[in-house]
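Report on the structure given below.
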Amino acid sequence: MMHHYDEPVCLISIVAKILNIHPQTLRQYERENLICPSRSGGRIRLYSQRDIDKIKLILRLTRELGVNLAGVDVALRLKDQMETMEKEIAELRHALAVAKNATTVPPEKSLVTTRSIYEMVIFEDD
């Protein structure tokens, strides 16, 4: 059965077993606000695949790179900010491409010059 990436389906014991860590480690990450698993009606922690991937990143930062949990918090916040900015940049690039490919110019952006030539004919009374 396939689950959505953000669907909370795994219990803490399963996640701990998958990642080969103690459940207390996951509780510590939650206390440090590094992860925020969903809760069932009975207050049981449920983890999504997104949560598991984030925990893998935390483990990589702490185990392989020697970053402490305060540093992990900073790194995760920066990562979130970068993702937000990348999304904004993509939206702006799309809007720019749409504007460049538009066949008409919006009225507020257009400059219209008009030139009127009137010829005057004067009749003389004889």
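Between GLU64 and LEU78, residue separation times 0.36 nm minus the direct Cα-Cα distance comes to 3.1 nm. Between ALA97 and ARG50, the C-beta separation translates, for a Förster distance of 30 Å, into a calculated FRET efficiency of about 0.50. Partner lysines whose Cα lies under 21 Å from the Cα of LYS17, excluding those fewer than 8 positions away in the same chain, are identified as LYS54, LYS56.
Every number here is computed from the coordinates shown, using simple stated rules; none is lab data. From a predicted model like this one, the values you see are computed outputs, not experimental measurements. For neighbour counting, all protein chains shown are included, and Cβ atoms are generated from backbone atoms with ideal geometry for every residue, glycine included.
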